[in-house]
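The structure appears right after this line, and notes come after that.
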Amino acid sequence: MENNSNITPEQIVDILIRRRWYIIIPFILAMIVGIYSSLTLPKVYEAKTLILVQPQKVPSDFVQSVVSSDLEQRISTISEQIMSRTNLEKIINDFGLYTEQQKKTMYMEDMIGSLRRRISVDVTHSRHRTTDAFSISFKGQNPGQITKVTNALSSYFIDQNLKVREEQAIGTSKFLDDELTAMRAKLIRMEGALKQYREENMGSLPEQLDSNLRIADRLQEEINHRQNTLRDSKLLLISLNQQLEEGMRNRSTNEDQATASFSFSEADNLMALKRQLADLEGKYTPKHPDVIRLKRKIENLEDRNQKQEENQNETAQVASFSSKNNPFVQIEMSLLKEVEATNRDIAGLKEEITILQEKLAMYQKRIEEIPKKEQELLSLKRDYEEVSGTYGSLLQRKLEADLAVNMEKKQKGEQFRILDPAKIPTKPVEPNMKRLLFIAIAGGLGIGGSLIFLREYFNDSFKTIDDIETGLDLPVLAIIPVRLTPKVKFYKRANLVLSVMGGCISIALFSFLASITMVGERETLSMIKQITFYI
(Lines give C-alpha, C1' and ligand atoms only; values in the text may rest on other atoms or scores of the structure.)
Protein backbone atom coordinates (compact mmCIF):
# COMPACT_ATOMS: atom_id res chain seq x y z
CA MET A 1 0.00 0.00 0.00
CA GLU A 2 1.04 3.60 -0.36
CA ASN A 3 1.72 5.24 2.97
CA ASN A 4 1.28 8.90 3.70
CA SER A 5 4.68 10.62 3.84
CA ASN A 6 3.43 13.08 6.48
CA ILE A 7 3.70 11.04 9.67
CA THR A 8 2.45 12.72 12.82
CA PRO A 9 3.98 12.32 16.28
CA GLU A 10 0.88 10.43 17.39
CA GLN A 11 1.50 7.91 14.64
CA ILE A 12 5.13 7.53 15.69
CA VAL A 13 4.09 6.92 19.29
CA ASP A 14 1.49 4.41 18.12
CA ILE A 15 4.11 2.59 16.05
CA LEU A 16 6.54 2.45 18.97
CA ILE A 17 3.82 1.09 21.26
CA ARG A 18 2.74 -1.56 18.77
CA ARG A 19 6.32 -2.51 17.91
CA ARG A 20 7.70 -2.13 21.43
CA TRP A 21 9.25 -5.59 21.41
CA TYR A 22 11.43 -4.56 18.48
CA ILE A 23 12.93 -1.99 20.85
CA ILE A 24 12.94 -3.90 24.13
CA ILE A 25 14.52 -7.13 22.96
CA PRO A 26 17.45 -5.58 20.96
CA PHE A 27 18.06 -3.09 23.76
CA ILE A 28 18.15 -5.87 26.38
CA LEU A 29 20.49 -7.90 24.20
CA ALA A 30 22.72 -4.86 23.63
CA MET A 31 22.86 -4.16 27.38
CA ILE A 32 23.70 -7.78 28.08
CA VAL A 33 26.50 -7.70 25.50
CA GLY A 34 27.78 -4.42 26.96
CA ILE A 35 27.72 -5.76 30.52
CA TYR A 36 29.39 -8.97 29.45
CA SER A 37 32.08 -7.04 27.60
CA SER A 38 32.69 -4.75 30.56
CA LEU A 39 33.05 -7.73 32.88
CA THR A 40 35.12 -10.00 30.64
CA LEU A 41 37.35 -7.66 28.67
CA PRO A 42 40.86 -7.25 30.18
CA LYS A 43 41.05 -4.26 32.50
CA VAL A 44 43.93 -1.93 31.68
CA TYR A 45 44.94 0.55 34.38
CA GLU A 46 47.16 3.59 34.08
CA ALA A 47 49.49 4.95 36.76
CA LYS A 48 50.72 8.49 36.28
CA THR A 49 53.22 10.71 38.05
CA LEU A 50 53.77 14.43 37.58
CA ILE A 51 57.34 15.72 37.70
CA LEU A 52 58.07 19.41 38.20
CA VAL A 53 61.07 21.07 36.55
CA GLN A 54 62.70 23.22 39.22
CA PRO A 55 64.88 26.12 38.03
CA GLN A 56 68.48 26.31 39.18
CA LYS A 57 68.96 27.51 42.74
CA VAL A 58 71.82 29.86 41.87
CA PRO A 59 70.60 32.97 39.99
CA SER A 60 71.52 32.87 36.32
CA ASP A 61 72.94 36.40 36.64
CA PHE A 62 75.80 34.92 38.69
CA VAL A 63 76.22 31.47 37.13
CA GLN A 64 75.00 30.76 33.61
CA SER A 65 74.17 27.12 32.95
CA VAL A 66 75.84 25.52 29.94
CA VAL A 67 73.21 22.78 29.69
CA SER A 68 70.66 23.05 26.91
CA SER A 69 67.55 24.85 28.13
CA ASP A 70 65.22 23.01 25.72
CA LEU A 71 63.20 20.86 28.12
CA GLU A 72 61.49 18.80 25.44
CA GLN A 73 64.80 17.96 23.81
CA ARG A 74 66.34 16.79 27.09
CA ILE A 75 63.24 14.76 27.99
CA SER A 76 63.29 13.22 24.53
CA THR A 77 66.95 12.27 25.02
CA ILE A 78 66.27 10.72 28.43
CA SER A 79 63.20 8.93 27.05
CA GLU A 80 65.29 7.35 24.33
CA GLN A 81 67.70 6.11 26.98
CA ILE A 82 64.82 4.69 29.03
CA MET A 83 63.32 3.04 25.95
CA SER A 84 66.57 1.29 25.15
CA ARG A 85 66.50 -2.49 24.96
CA THR A 86 68.90 -2.94 27.87
CA ASN A 87 66.89 -0.76 30.23
CA LEU A 88 63.52 -2.27 29.24
CA GLU A 89 64.84 -5.80 29.72
CA LYS A 90 65.98 -4.79 33.19
CA ILE A 91 62.50 -3.40 33.99
CA ILE A 92 60.84 -6.58 32.70
CA ASN A 93 63.05 -8.79 34.85
CA ASP A 94 63.00 -6.59 37.97
CA PHE A 95 59.21 -6.20 38.13
CA GLY A 96 58.14 -9.49 36.56
CA LEU A 97 55.93 -7.89 33.94
CA TYR A 98 55.60 -11.18 32.07
CA THR A 99 55.08 -14.65 33.45
CA GLU A 100 57.36 -17.53 32.63
CA GLN A 101 54.72 -18.96 30.33
CA GLN A 102 54.45 -15.65 28.47
CA LYS A 103 58.23 -15.46 28.16
CA LYS A 104 58.24 -18.92 26.60
CA THR A 105 55.55 -18.06 24.05
CA MET A 106 56.68 -14.48 23.24
CA TYR A 107 59.82 -13.13 21.70
CA MET A 108 61.80 -10.59 23.69
CA GLU A 109 61.38 -8.07 20.86
CA ASP A 110 57.58 -8.39 21.16
CA MET A 111 57.67 -7.91 24.92
CA ILE A 112 59.93 -4.86 24.57
CA GLY A 113 57.72 -3.41 21.83
CA SER A 114 54.61 -3.90 23.97
CA LEU A 115 56.34 -2.29 26.94
CA ARG A 116 57.38 0.73 24.85
CA ARG A 117 53.81 1.29 23.71
CA ARG A 118 52.61 1.23 27.32
CA ILE A 119 55.05 3.97 28.45
CA SER A 120 54.25 7.58 27.59
CA VAL A 121 55.91 10.87 28.50
CA ASP A 122 54.03 14.14 27.98
CA VAL A 123 55.31 17.68 28.60
CA THR A 124 52.72 20.02 30.04
CA HIS A 125 52.80 23.81 29.99
CA SER A 126 50.43 25.22 32.59
CA ARG A 127 49.30 28.82 32.51
CA HIS A 128 49.06 28.97 36.29
CA ARG A 129 52.46 27.36 36.89
CA THR A 130 55.58 29.43 36.42
CA THR A 131 57.70 26.35 35.73
CA ASP A 132 57.32 23.51 33.28
CA ALA A 133 56.35 19.97 34.17
CA PHE A 134 55.94 16.63 32.48
CA SER A 135 54.08 13.43 33.28
CA ILE A 136 55.11 9.79 33.04
CA SER A 137 52.38 7.19 32.65
CA PHE A 138 52.45 3.42 32.39
CA LYS A 139 49.61 1.07 31.49
CA GLY A 140 49.05 -2.48 32.64
CA GLN A 141 46.56 -4.94 34.10
CA ASN A 142 48.10 -5.08 37.58
CA PRO A 143 47.50 -1.76 39.40
CA GLY A 144 50.14 -2.33 42.07
CA GLN A 145 52.72 -3.46 39.58
CA ILE A 146 52.27 -0.54 37.19
CA THR A 147 52.48 1.88 40.14
CA LYS A 148 55.88 0.49 41.10
CA VAL A 149 57.07 0.64 37.49
CA THR A 150 55.90 4.25 37.15
CA ASN A 151 57.70 5.32 40.33
CA ALA A 152 60.84 3.51 39.16
CA LEU A 153 60.66 5.31 35.82
CA SER A 154 60.28 8.62 37.65
CA SER A 155 63.36 7.94 39.77
CA TYR A 156 65.28 6.91 36.68
CA PHE A 157 64.27 10.15 34.95
CA ILE A 158 65.47 12.23 37.91
CA ASP A 159 68.79 10.38 38.23
CA GLN A 160 69.39 10.36 34.50
CA ASN A 161 68.66 14.09 34.25
CA LEU A 162 71.33 14.84 36.86
CA LYS A 163 73.75 12.55 35.05
CA VAL A 164 72.99 14.03 31.63
CA ARG A 165 73.33 17.59 32.90
CA GLU A 166 76.63 16.84 34.62
CA GLU A 167 78.00 15.01 31.57
CA GLN A 168 76.92 17.82 29.28
CA ALA A 169 78.52 20.44 31.54
CA ILE A 170 81.75 18.41 31.83
CA GLY A 171 81.77 17.81 28.08
CA THR A 172 81.35 21.50 27.40
CA SER A 173 84.14 22.34 29.85
CA LYS A 174 86.42 19.71 28.29
CA PHE A 175 85.72 21.01 24.79
CA LEU A 176 86.45 24.59 25.84
CA ASP A 177 89.63 23.42 27.59
CA ASP A 178 90.85 21.71 24.40
CA GLU A 179 90.01 24.75 22.32
CA LEU A 180 91.69 26.99 24.88
CA THR A 181 94.87 24.88 24.76
CA ALA A 182 94.95 25.02 20.96
CA MET A 183 94.27 28.76 20.97
CA ARG A 184 96.97 29.31 23.62
CA ALA A 185 99.52 27.51 21.44
CA LYS A 186 98.45 29.59 18.47
CA LEU A 187 98.71 32.76 20.55
CA ILE A 188 102.24 31.80 21.65
CA ARG A 189 103.20 31.22 18.01
CA MET A 190 101.78 34.61 17.08
CA GLU A 191 103.67 36.28 19.94
CA GLY A 192 106.88 34.56 18.81
CA ALA A 193 106.33 35.64 15.21
CA LEU A 194 105.66 39.22 16.32
CA LYS A 195 108.74 39.23 18.56
CA GLN A 196 110.92 37.73 15.82
CA TYR A 197 109.67 40.30 13.32
CA ARG A 198 110.52 43.13 15.71
CA GLU A 199 113.98 41.70 16.34
CA GLU A 200 114.68 41.18 12.64
CA ASN A 201 113.46 44.66 11.72
CA MET A 202 114.82 46.55 14.70
CA GLY A 203 115.49 50.11 13.58
CA SER A 204 112.87 50.00 10.80
CA LEU A 205 109.81 49.80 13.01
CA PRO A 206 107.10 52.46 12.67
CA GLU A 207 107.55 53.69 16.24
CA GLN A 208 111.24 54.36 15.44
CA LEU A 209 110.48 56.76 12.59
CA ASP A 210 111.03 59.92 14.66
CA SER A 211 114.26 58.52 16.10
CA ASN A 212 115.52 57.59 12.63
CA LEU A 213 114.67 61.05 11.31
CA ARG A 214 116.55 62.72 14.17
CA ILE A 215 119.57 60.46 13.67
CA ALA A 216 119.51 61.11 9.92
CA ASP A 217 119.41 64.86 10.52
CA ARG A 218 122.26 64.61 13.01
CA LEU A 219 124.31 62.50 10.59
CA GLN A 220 123.69 65.04 7.85
CA GLU A 221 124.88 67.79 10.16
CA GLU A 222 127.97 65.74 11.03
CA ILE A 223 128.68 65.21 7.33
CA ASN A 224 128.26 68.90 6.60
CA HIS A 225 130.55 69.76 9.48
CA ARG A 226 133.13 67.18 8.39
CA GLN A 227 132.99 68.55 4.85
CA ASN A 228 133.51 72.08 6.13
CA THR A 229 136.41 70.89 8.25
CA LEU A 230 137.79 69.00 5.26
CA ARG A 231 137.57 72.14 3.14
CA ASP A 232 139.38 74.16 5.81
CA SER A 233 142.02 71.44 6.14
CA LYS A 234 142.58 71.45 2.39
CA LEU A 235 142.92 75.23 2.41
CA LEU A 236 145.36 74.92 5.31
CA LEU A 237 147.32 72.30 3.40
CA ILE A 238 147.50 74.57 0.36
CA SER A 239 148.68 77.43 2.58
CA LEU A 240 151.31 75.24 4.23
CA ASN A 241 152.58 74.02 0.89
CA GLN A 242 152.80 77.60 -0.37
CA GLN A 243 154.69 78.64 2.77
CA LEU A 244 157.01 75.70 2.39
CA GLU A 245 157.75 76.53 -1.23
CA GLU A 246 158.21 80.22 -0.46
CA GLY A 247 160.52 79.42 2.44
CA MET A 248 162.65 77.18 0.26
CA ARG A 249 162.93 79.88 -2.45
CA ASN A 250 163.82 82.59 0.00
CA ARG A 251 166.23 80.53 2.07
CA SER A 252 169.24 82.36 0.57
CA THR A 253 167.69 85.81 0.76
CA ASN A 254 167.70 88.17 3.63
CA GLU A 255 166.90 86.25 6.75
CA ASP A 256 164.94 89.07 8.31
CA GLN A 257 162.73 89.52 5.29
CA ALA A 258 162.05 85.82 5.02
CA THR A 259 161.33 85.53 8.67
CA ALA A 260 158.99 88.52 8.60
CA SER A 261 157.18 87.12 5.57
CA PHE A 262 156.94 83.75 7.24
CA SER A 263 155.59 85.29 10.48
CA PHE A 264 152.96 87.20 8.56
CA SER A 265 151.64 84.02 6.92
CA GLU A 266 151.70 82.13 10.24
CA ALA A 267 149.68 84.90 11.89
CA ASP A 268 147.00 84.69 9.19
CA ASN A 269 146.70 80.91 9.62
CA LEU A 270 146.52 81.27 13.38
CA MET A 271 143.67 83.79 13.13
CA ALA A 272 141.74 81.52 10.74
CA LEU A 273 142.11 78.53 13.03
CA LYS A 274 140.93 80.52 16.05
CA ARG A 275 137.84 81.67 14.19
CA GLN A 276 137.10 78.08 13.24
CA LEU A 277 137.61 77.01 16.86
CA ALA A 278 135.15 79.66 18.04
CA ASP A 279 132.55 78.31 15.61
CA LEU A 280 133.08 74.71 16.82
CA GLU A 281 132.90 75.66 20.49
CA GLY A 282 129.53 77.29 19.79
CA LYS A 283 128.21 73.96 18.46
CA TYR A 284 130.03 71.25 20.43
CA THR A 285 131.42 70.60 23.86
CA PRO A 286 135.16 70.99 24.65
CA LYS A 287 135.52 67.19 24.53
CA HIS A 288 134.44 66.94 20.91
CA PRO A 289 137.21 65.38 18.72
CA ASP A 290 137.17 68.24 16.20
CA VAL A 291 137.52 70.83 18.95
CA ILE A 292 140.41 68.91 20.52
CA ARG A 293 142.16 68.46 17.17
CA LEU A 294 141.80 72.16 16.26
CA LYS A 295 143.08 73.24 19.66
CA ARG A 296 146.09 71.02 19.13
CA LYS A 297 146.78 72.69 15.77
CA ILE A 298 146.49 76.15 17.29
CA GLU A 299 148.86 75.19 20.09
CA ASN A 300 151.38 73.83 17.61
CA LEU A 301 151.12 76.96 15.49
CA GLU A 302 151.55 79.24 18.51
CA ASP A 303 154.58 77.22 19.65
CA ARG A 304 156.06 77.61 16.20
CA ASN A 305 155.47 81.39 16.23
CA GLN A 306 157.08 81.61 19.65
CA LYS A 307 160.08 79.69 18.41
CA GLN A 308 160.20 81.97 15.40
CA GLU A 309 160.40 85.06 17.63
CA GLU A 310 163.10 83.46 19.73
CA ASN A 311 165.02 82.65 16.59
CA GLN A 312 164.73 86.23 15.36
CA ASN A 313 166.23 87.54 18.64
CA GLU A 314 169.10 85.09 18.46
CA THR A 315 169.83 85.56 14.75
CA ALA A 316 173.01 87.51 15.30
CA GLN A 317 174.30 85.00 17.80
CA VAL A 318 173.65 81.92 15.67
CA ALA A 319 175.23 83.18 12.46
CA SER A 320 178.21 80.88 12.98
CA PHE A 321 176.00 77.75 13.58
CA SER A 322 175.95 74.95 11.05
CA SER A 323 173.11 74.44 8.59
CA LYS A 324 171.40 71.91 10.82
CA ASN A 325 170.99 74.61 13.47
CA ASN A 326 169.69 77.12 10.94
CA PRO A 327 166.25 78.44 12.02
CA PHE A 328 164.97 78.30 8.41
CA VAL A 329 165.77 74.61 8.28
CA GLN A 330 163.90 74.06 11.55
CA ILE A 331 160.90 75.99 10.22
CA GLU A 332 160.87 73.87 7.08
CA MET A 333 160.96 70.75 9.21
CA SER A 334 158.07 72.05 11.29
CA LEU A 335 156.10 72.89 8.12
CA LEU A 336 156.72 69.41 6.75
CA LYS A 337 155.42 67.88 9.97
CA GLU A 338 152.37 70.15 9.81
CA VAL A 339 151.75 69.17 6.19
CA GLU A 340 152.00 65.52 7.15
CA ALA A 341 149.60 65.99 10.08
CA THR A 342 147.19 67.91 7.86
CA ASN A 343 147.26 65.12 5.27
CA ARG A 344 146.47 62.63 8.00
CA ASP A 345 143.60 64.83 9.17
CA ILE A 346 142.27 65.08 5.61
CA ALA A 347 142.45 61.30 5.17
CA GLY A 348 140.72 60.81 8.54
CA LEU A 349 138.03 63.32 7.64
CA LYS A 350 137.39 61.60 4.31
CA GLU A 351 137.10 58.25 6.05
CA GLU A 352 134.76 59.71 8.66
CA ILE A 353 132.65 61.34 5.93
CA THR A 354 132.42 57.99 4.10
CA ILE A 355 131.36 56.19 7.28
CA LEU A 356 128.82 58.89 8.09
CA GLN A 357 127.44 58.77 4.55
CA GLU A 358 127.06 54.98 4.79
CA LYS A 359 125.24 55.36 8.09
CA LEU A 360 123.06 58.08 6.60
CA ALA A 361 122.22 55.83 3.63
CA MET A 362 121.35 53.01 6.03
CA TYR A 363 118.99 55.22 8.04
CA GLN A 364 117.45 56.67 4.89
CA LYS A 365 116.80 53.12 3.69
CA ARG A 366 115.19 52.32 7.03
CA ILE A 367 112.99 55.40 6.74
CA GLU A 368 111.96 54.41 3.22
CA GLU A 369 111.11 50.85 4.34
CA ILE A 370 109.03 51.95 7.34
CA PRO A 371 105.68 52.19 5.40
CA LYS A 372 106.12 48.63 4.14
CA LYS A 373 107.20 47.39 7.56
CA GLU A 374 104.24 49.21 9.09
CA GLN A 375 101.80 47.30 6.86
CA GLU A 376 103.46 43.99 7.67
CA LEU A 377 103.49 44.80 11.39
CA LEU A 378 99.84 45.88 11.28
CA SER A 379 98.94 42.57 9.65
CA LEU A 380 100.79 40.64 12.36
CA LYS A 381 99.24 42.76 15.10
CA ARG A 382 95.76 42.32 13.62
CA ASP A 383 96.15 38.55 13.54
CA TYR A 384 97.56 38.60 17.05
CA GLU A 385 94.70 40.74 18.36
CA GLU A 386 92.12 38.45 16.75
CA VAL A 387 93.72 35.38 18.28
CA SER A 388 94.12 37.18 21.61
CA GLY A 389 90.47 38.25 21.59
CA THR A 390 89.35 34.71 20.78
CA TYR A 391 91.58 33.37 23.53
CA GLY A 392 90.13 35.83 26.04
CA SER A 393 86.59 34.92 25.05
CA LEU A 394 87.34 31.20 25.33
CA LEU A 395 88.99 31.75 28.70
CA GLN A 396 85.91 33.58 29.98
CA ARG A 397 83.64 30.83 28.72
CA LYS A 398 85.90 28.20 30.24
CA LEU A 399 85.63 29.87 33.65
CA GLU A 400 81.86 30.05 33.29
CA ALA A 401 81.75 26.39 32.26
CA ASP A 402 83.82 25.41 35.31
CA LEU A 403 81.36 27.25 37.55
CA ALA A 404 78.49 25.49 35.81
CA VAL A 405 80.19 22.10 36.33
CA ASN A 406 80.60 22.80 40.05
CA MET A 407 76.97 23.90 40.23
CA GLU A 408 75.80 20.67 38.57
CA LYS A 409 78.03 18.51 40.79
CA LYS A 410 76.58 20.17 43.89
CA GLN A 411 73.06 19.70 42.43
CA LYS A 412 72.34 23.41 42.46
CA GLY A 413 71.24 23.47 38.84
CA GLU A 414 67.90 22.70 37.26
CA GLN A 415 66.35 19.56 38.77
CA PHE A 416 63.34 17.28 38.40
CA ARG A 417 61.12 16.92 41.47
CA ILE A 418 58.16 14.58 41.84
CA LEU A 419 55.09 16.74 42.37
CA ASP A 420 52.41 14.02 42.27
CA PRO A 421 53.76 10.51 42.86
CA ALA A 422 52.08 7.57 41.17
CA LYS A 423 49.22 6.02 43.15
CA ILE A 424 47.50 2.68 42.72
CA PRO A 425 44.71 3.27 40.16
CA THR A 426 41.20 2.01 40.90
CA LYS A 427 39.47 2.86 37.65
CA PRO A 428 40.61 1.22 34.42
CA VAL A 429 41.28 3.30 31.37
CA GLU A 430 40.58 0.38 29.02
CA PRO A 431 38.07 -0.65 27.92
CA ASN A 432 36.55 2.80 27.54
CA MET A 433 33.34 2.32 29.46
CA LYS A 434 31.72 5.52 28.25
CA ARG A 435 32.32 4.51 24.69
CA LEU A 436 31.09 0.97 25.43
CA LEU A 437 27.90 2.35 27.04
CA PHE A 438 27.29 4.61 24.08
CA ILE A 439 27.83 1.74 21.62
CA ALA A 440 25.45 -0.52 23.59
CA ILE A 441 22.71 2.13 23.70
CA ALA A 442 23.17 3.13 20.08
CA GLY A 443 23.35 -0.51 18.99
CA GLY A 444 20.19 -1.58 20.84
CA LEU A 445 18.12 1.40 19.79
CA GLY A 446 19.56 1.41 16.29
CA ILE A 447 18.80 -2.24 15.66
CA GLY A 448 15.31 -1.89 17.14
CA GLY A 449 14.56 1.20 15.12
CA SER A 450 15.81 -0.47 11.94
CA LEU A 451 13.60 -3.50 12.54
CA ILE A 452 10.57 -1.27 13.17
CA PHE A 453 11.27 0.68 10.00
CA LEU A 454 11.55 -2.48 7.92
CA ARG A 455 8.46 -4.00 9.53
CA GLU A 456 6.34 -0.94 8.87
CA TYR A 457 7.76 -0.44 5.41
CA PHE A 458 6.71 -3.89 4.21
CA ASN A 459 3.37 -3.94 6.12
CA ASP A 460 0.37 -3.46 3.73
CA SER A 461 -2.37 -3.28 6.35
CA PHE A 462 -4.43 -0.14 7.01
CA LYS A 463 -3.96 1.48 10.39
CA THR A 464 -5.98 4.68 10.11
CA ILE A 465 -9.01 6.07 8.26
CA ASP A 466 -6.67 8.16 6.14
CA ASP A 467 -4.82 5.01 5.07
CA ILE A 468 -8.13 3.49 3.87
CA GLU A 469 -9.34 6.57 2.03
CA THR A 470 -5.91 7.07 0.46
CA GLY A 471 -5.39 3.44 -0.45
CA LEU A 472 -8.93 2.66 -1.79
CA ASP A 473 -9.84 6.15 -2.97
CA LEU A 474 -13.22 5.74 -1.27
CA PRO A 475 -14.77 7.60 1.63
CA VAL A 476 -15.28 5.86 5.01
CA LEU A 477 -19.02 5.79 5.84
CA ALA A 478 -18.92 4.13 9.27
CA ILE A 479 -16.52 2.67 11.85
CA ILE A 480 -17.28 -0.64 13.55
CA PRO A 481 -15.53 -1.02 16.91
CA VAL A 482 -13.37 -4.09 17.60
CA ARG A 483 -14.83 -6.67 19.92
CA LEU A 484 -12.18 -8.67 21.73
CA THR A 485 -12.70 -12.20 22.89
CA PRO A 486 -11.62 -13.19 26.41
CA LYS A 487 -8.66 -15.07 24.99
CA VAL A 488 -7.47 -12.06 23.06
CA LYS A 489 -7.91 -9.87 26.11
CA PHE A 490 -5.77 -12.31 28.11
CA TYR A 491 -3.02 -12.20 25.53
CA LYS A 492 -3.12 -8.40 25.51
CA ARG A 493 -2.86 -8.21 29.28
CA ALA A 494 0.01 -10.73 29.27
CA ASN A 495 1.75 -8.78 26.52
CA LEU A 496 1.39 -5.60 28.52
CA VAL A 497 2.78 -7.22 31.66
CA LEU A 498 5.70 -8.71 29.75
CA SER A 499 6.34 -5.35 28.12
CA VAL A 500 6.48 -3.68 31.52
CA MET A 501 8.80 -6.42 32.78
CA GLY A 502 10.97 -6.07 29.67
CA GLY A 503 11.14 -2.33 30.18
CA CYS A 504 12.13 -2.82 33.82
CA ILE A 505 14.78 -5.33 32.81
CA SER A 506 16.07 -2.90 30.18
CA ILE A 507 16.23 -0.11 32.73
CA ALA A 508 17.95 -2.37 35.25
CA LEU A 509 20.53 -3.56 32.75
CA PHE A 510 21.12 0.03 31.56
CA SER A 511 21.53 1.21 35.16
CA PHE A 512 23.97 -1.60 35.88
CA LEU A 513 26.08 -0.79 32.82
CA ALA A 514 25.91 2.94 33.54
CA SER A 515 26.98 2.33 37.14
CA ILE A 516 29.97 0.30 35.97
CA THR A 517 30.83 3.13 33.62
CA MET A 518 30.56 5.87 36.22
CA VAL A 519 31.81 4.32 39.48
CA GLY A 520 33.53 1.13 38.40
CA GLU A 521 32.95 -2.58 38.62
CA ARG A 522 33.85 -3.07 42.27
CA GLU A 523 31.66 -0.28 43.56
CA THR A 524 28.74 -1.42 41.41
CA LEU A 525 28.94 -5.01 42.64
CA SER A 526 29.26 -3.74 46.20
CA MET A 527 26.12 -1.64 45.83
CA ILE A 528 24.22 -4.63 44.36
CA LYS A 529 25.26 -6.76 47.31
CA GLN A 530 24.05 -4.11 49.73
CA ILE A 531 20.72 -3.76 47.91
CA THR A 532 20.29 -7.54 47.83
CA PHE A 533 21.10 -7.74 51.53
CA TYR A 534 18.43 -5.20 52.43
CA ILE A 535 15.86 -6.84 50.17
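The values are calculated or read from the model by the stated rules, or taken from the named source; none is laboratory data. All values derive from a computational prediction rather than experimental measurement. For neighbour counting, all protein chains shown are included, and Cβ atoms are generated from backbone atoms with ideal geometry for every residue, glycine included.
A compact table of results
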quantity	calculated
Failed condition for G449, given (1) closer than 30 Å to S515 by Cα; (2) surrounded by fewer than 11 Cβ atoms within 10 Å (Cβ to Cβ)	(2)
Sole exception among (1) within 30 Å of S84 (Cα to Cα); (2) outside any helix (DSSP H, G or I) for N161, by number	(2)
Conditions (1) within 30 Å of K48 (Cβ to Cβ); (2) modelled with pLDDT under 85; (3) among the small types (G, A, S); number of the one not met by G471	(1)
Any hit, the stretch 471-487, residues being surrounded by 13 or more Cβ atoms within 10 Å (Cβ to Cβ) and assigned by TED's automatic domain parsing to the domain that holds M518	yes
Some residue of the stretch 123-139 being of a type in the set (S, T, N, Q) and in a helix (DSSP H, G or I)	no
Residue match in the stretch 148-160 (condition: under 26 Å from the mean Cα position of the chain (by Cα), assigned by TED's automatic domain parsing to the domain that holds V121 and in contact (Cβ under 8 Å) with a residue 60 or more places away in the chain)	yes
Only listed residue being small (G, A, S), over 30 Å from L472 (Cβ atoms) and at pLDDT below 80, chosen from S114, S65, S84, S79	S65
S526 vs. criteria more than 19 Å from F27 (Cβ to Cβ), in contact with a helix residue (DSSP H, G or I) (Cβ under 9 Å, 6 or more places away or on another chain) and either polar (S, T, N, Q) or in a helix (DSSP H, G or I) (or both)	no
Test: residue in the stretch 390-405 that is over 30 Å from I215 (Cβ atoms), part of a loop (DSSP other than H, G, I, E, B) and not aliphatic (A, V, I, L, M)	no
When residues of the stretch 118-152 are limited to those that are at pLDDT below 85 and touching a Leu at 6+ places or on another chain (Cβ under 9 Å), the one farthest from Q81 (Cα to Cα)	R129
Residue match in the stretch 425-446 (condition: more than 30 Å from Q141 (Cα to Cα) and in a loop (DSSP other than H, G, I, E, B))	no
Residue within the stretch 433-441 that is at pLDDT 75 or above, assigned by TED's automatic domain parsing to the domain that holds E521 and exposed (fewer than 13 other Cβ atoms within 10 Å of the Cβ) present	no
Extreme residue, nearest to Y36 (Cα to Cα), among residues of the stretch 501-523 that are in a helix (DSSP H, G or I) and at pLDDT below 80	E521
Inter-residue pairs, beta-carbon under 9 Å, first under 18 Å from M108 (Cα atoms) and in the stretch 71-93, second assigned to a loop (DSSP other than H, G, I, E, B), 6+ apart	I91/L97; I92/Y98
Complete set of residues in the stretch 94-109 that are surrounded by 12 or more Cβ atoms within 10 Å (Cβ to Cβ) and either free of Cβ contacts under 8 Å to residues at least 40 places away in the same chain or of a type in the set (A, V, I, L, M) (or both)	L97, Y98, K103, M106, M108
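Residue-by-condition table, conditions (1) modelled with pLDDT under 85; (2) surrounded by 15 or more Cβ atoms within 10 Å (Cβ to Cβ):
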position: N201; (1), (2): yes, yes
position: S204; (1), (2): yes, yes
position: R218; (1), (2): no, no
position: H225; (1), (2): no, yes
position: I238; (1), (2): yes, no
position: Q242; (1), (2): yes, no
